[in-house]
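Have a look at the structure below, then the notes.
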Amino acid sequence: MPAAVLLTLGGVVLLYGGAESLVRGSSALALRLGLSPLLVGLTVVAFGTSSPELAVSLRSALAGQGDIALGNVVGSNIANVALILGICALVRPLRVHAQVIRWDAPLLLACSVLLVALLADGVLSRPEGAGLFAGVVAYVAWGVVPCRAVLSRREASPSVRDEFAEGLPAVPRRVGAEVLLVAVGLGLLVLGGRLLVSGAVTLARGVGLSEAFIGLTVIAVGTSLPELATSVVAAVRGEADLAVGNVVGSNLFNLLGVAGLASWVHPVALAGVTRVDLFVMVAAAAAVLPVVWTGHRVTRTEGGLLALGYCAYVGWLLV
């Protein structure tokens, strides 16, 4: 038990260090390349911070632990919106980019509904997983094609970027330093996530919690801590694009990439994850739309309501 506590604490420390390094490096790269921080947050940062979810779900699927594999995805998506976005807004109200409102938030809701529809028969099959994974490939391709890059540069022009320029770090002189910061940040996030999950699972099982509960809460929050650390650091530094883009992009990657690849490797059964959990996941994705539409910002009040909603959900799971 003491070893599990040390693993958990060590994971938290590594996650924070990795988040700080990743935010600094990715922001500087976005400025150097003329791309908006939002595009970086929706792709590089979001997928990098979702790598612990991918590792855990793949390992669980191969071990036949469908409860943990699917619960990790569902629970992480709920935590990302309700807990992480809520905490970030409490730390500092977040201004939301128009691109999130037009495309990415509606796409997140559509993908959430799609996953629920595919699980109507109680199992996510290999062909369905392959289709989901193809979706994340298409999303990344759509994000880096020339027309999207041109759009990002237009949105990052001085007339628009002035709104988000405050708090962005100065661009280092050498691109190698930026790449190194991103690489080190991602490495620390992955390692920290693994240590944290290992310690948390040992602690949870020591008190007799079920695998479904562990997947939906302990592992979900544990693997979401990279997103939490990255988004909170970004919010504190005034980089709302990275904070919001990281949450939305991570959820899209969880739905398409993590769930898709895990079920492609081995079919994943619904098992202990209930329809109520799936409904809460869809509701969390739907909650992003009215929140970002009201003044194009997430206020402290809205952040508080999101965080309270997550506490209520965990309370329901315990009951």
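The values are calculated or read from the model by the stated rules, or taken from the named source; none is laboratory data. Predicted model only: the values in this text are computed from it and were never measured. As a convention, Cβ positions derive from the backbone with ideal geometry for all residues, glycine included, and neighbour counts pool all protein chains shown. The protein model used for the area step is the full one, side chains on, heavy atoms only, and it has no ligands, DNA or RNA in it. Shrake-Rupley method; radii C 1.70, N 1.55, O 1.52, S 1.80 Å.
A few points about this structure:
- Note on segment 295-319: among residues that are open to solvent by 70 Å² or more (accessible area, probe 1.4 Å) and not in a helix (DSSP H, G or I), the one that is modelled with the lowest pLDDT is His296.
- Within segment 49-101, the set of residues being closer than 27 Å to Glu302 by Cβ, of a type outside the set (A, V, I, L, M, F, W, C), modelled with pLDDT under 80 and out of contact with any Pro (no Cβ under 7 Å at 6 or more places or on another chain) comprises Ser50, Glu53, Arg95, His97, Gln99.
- Residue within segment 254-265 that is modelled with pLDDT under 75, buried (at least 17 other Cβ atoms within 10 Å of the Cβ) and part of a helix (DSSP H, G or I) present: no
- Residues in segment 151-161 include none that are more than 20 Å from the chain's Cα centre (by Cα) and modelled with pLDDT of 80 or more.
- Yes/no for Leu289 being under 18 Å from the mean Cα position of the chain (by Cα) and crowded, with 18+ Cβ neighbours inside 10 Å: no
- Neighbours by Cβ (under 9 Å, 6+ apart or cross-chain): first from segment 230-250, more than 12 Å from Leu85 (Cα to Cα) and open to solvent by 10 Å² or more (accessible area, probe 1.4 Å); second part of a loop (DSSP other than H, G, I, E, B) and modelled with pLDDT of 80 or more: Val236/Arg92; Gly238/Arg92
- Being of a type outside the set (A, V, I, L, M, F, W, C), under 12 Å from the mean Cα position of the chain (by Cα) and in a helix (DSSP H, G or I) is true of Ser224.
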